[in-house]
């Protein structure tokens with residue numbers, strides 16, 4: 001318990017340093033553009049690939065479980081749509097990005113810590129927490145929702161292709177996609193995604209920022225960043241779903 005309270009205290013102390021006005025906006029903007037590329041653009045490929053095939057699998061499994069002739073075929077499109085929007089795209093994509101982006105953030109900052117680059121920034125009077133971490137948080141908050149929306153669209157294309165493979169016509173599938181659509185579900189997914197983006201970027205930065213030792217410590221911080229980010233995402237997924245949808 002004491003160790004947990006120590007980590008919580010250190011985390012909020014770090015975030016207090018992070019949430020400060022950048023000293024040089026020109027340097028901050030360059031760092032932000034770099035993070036947008038590393039966190040966002042470099043993650044598009046894996047998001048597209050996973051979303052397409054998971055959408056197809058969801059559609060096929062739904063079709064196999066709805067083989068009763070009394071159940072209309074359009075339910076496959078409806079079930080695929082709601083599964084992707086409500087749970088897969090916001091939660092599963094965030095967990096995948098926790099592994100890809102989170103480990104990258106933790107190892108990058110951890111390497112700077114153990115090689116004393118962060119200490120050098122502090123000696124020069126630079127707020128290292130704000131300089132290194134704030135651009136990563138902003139880039140995550142900006143790009144995670146875009147990646148999730150992209151995942152929804154590509155996932156539905158994958159679901160359509162999967163539906164065709166089990167004799168679901170395009171007209172039935174498209175009717176299911178449009179049937180009693182609730183726009184608030186997309187808003188709910190974006191709200192969850194913003195929370196998950198902050199969790200992944202800030203927790204991963206925390207474990208990297210306080211890494212101690214050598215290369216082994218960097219590897220350990222990367223592992224801890226992925227594990228604890230995933231745990232907190234799942235906990236907040238339950239809490240946010242209970243608050244927003246219940």
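The values are calculated or read from the model by the stated rules, or taken from the named source; none is laboratory data. In this text, all values refer to a predicted model and were calculated from it rather than measured experimentally. Glycine also receives a Cβ, built like all others from the backbone with ideal geometry; neighbour counts cover every protein chain displayed.
Scanning the range 139-156 for residues that are touching a helix residue (DSSP H, G or I) at 6+ places or on another chain (Cβ under 9 Å) and over 16 Å from residue 43 (Cβ atoms) turns up at least one hit. Checked against (1) touching a residue at least 24 places away in the same chain (Cβ under 8 Å); (2) assigned to a helix (DSSP H, G or I); (3) over 19 Å from residue 198 (Cα atoms); (4) in contact with a helix residue (DSSP H, G or I) (Cβ under 8 Å, 6 or more places away or on another chain), residue 72 meets all criteria but (2).
For the range 1-43, the set of residues classified as outside any helix (DSSP H, G or I), at pLDDT 85 or above and farther than 30 Å from residue 92 by Cβ is empty. Just a yes or no: is a residue in the range 98-112 under 22 Å from residue 191 (Cα atoms), in contact with a helix residue (DSSP H, G or I) (Cβ under 9 Å, 6 or more places away or on another chain) and surrounded by fewer than 21 Cβ atoms within 10 Å (Cβ to Cβ)? The answer is yes, given that some residue of the range 98-112 is under 22 Å from residue 191 (Cα atoms), in contact with a helix residue (DSSP H, G or I) (Cβ under 9 Å, 6 or more places away or on another chain) and surrounded by fewer than 21 Cβ atoms within 10 Å (Cβ to Cβ).
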